[in-house]
Amino acid sequence: MLAIAGGTASGKTTLAKALALHRPGTVALIHLDDFYVPAHEPHRGARTVSATGAETLDWNHPRSIDQDAAAAALQAAATSGQHRMAVVEGLFALSLPKIADHATWRIYVHTPDDIRLARKLMRKIEVQHQDPLVSCVTTCSAAGTATPNTSPPPVTGPISSSTERCRQQTC
């Protein structure tokens, strides 16, 4: 089993997918992002207070991962006989004992903060272009106002310009 950890947007998933593509059908991929406890279950996971003052799941805390479920998925992949290797990738792949203790190999992907931030911003732009209503619905819902603009956000310019465009035209 290979455990891949690193900061947000460091390239963990990209590396794991590249390994799986290099050996199709022989690598079982387990993404720890698939094992966050449900946000609506107040007795599980680590909680924090959001900027609005509401209690919310702390996505950046290892207790917010359902470690038992992730370990069960790892065990199922390892014993299925279908794969030569299981790759677990995620922010906490090296800090969750039920995962890290089973790792034969460990990788920490170190990516400079400025590159991680740029990658994260690019992902947000990609999401907005895949679903042009994302920024408008979010902005208008928060404001409790009119129907969102259905035209796509501009292809160029910062994220804030498309959000401001939505606010001006629809809210």
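The values are calculated or read from the model by the stated rules, or taken from the named source; none is laboratory data. Because the structure is a prediction, the values reported are computed rather than measured. Here Cβ is always computed from backbone atoms with ideal geometry, including for glycine, and neighbour counts include all displayed protein chains. Accessible surface areas use protein heavy atoms only, side chains included; no ligands, DNA or RNA. Shrake-Rupley method; radii C 1.70, N 1.55, O 1.52, S 1.80 Å.
Below are the figures for this structure:
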item: The range 43-84: number of residues that are in contact with a helix residue (DSSP H, G or I) (Cβ under 8 Å, 6 or more places away or on another chain) and under 20 Å from residue 25 (Cβ atoms); result: 3
item: Strands (runs of 3 or more DSSP E) wholly inside the range 28-122 containing at least 2 residues that are open to solvent by 40 Å² or more (accessible area, probe 1.4 Å); result: 47-49, 55-57, 105-109
item: Boolean, residue 123 is at pLDDT 90 or above, within 20 Å of residue 17 (Cα to Cα) and of a type in the set (D, E, K, R); result: no
item: Hey, residue 68 over 14 Å from the mean Cα position of the chain (by Cα) and at pLDDT 90 or above or not; result: yes
item: The range 1-17, residues that are surrounded by fewer than 19 Cβ atoms within 10 Å (Cβ to Cβ) and assigned to a strand (DSSP E or B); result: 2
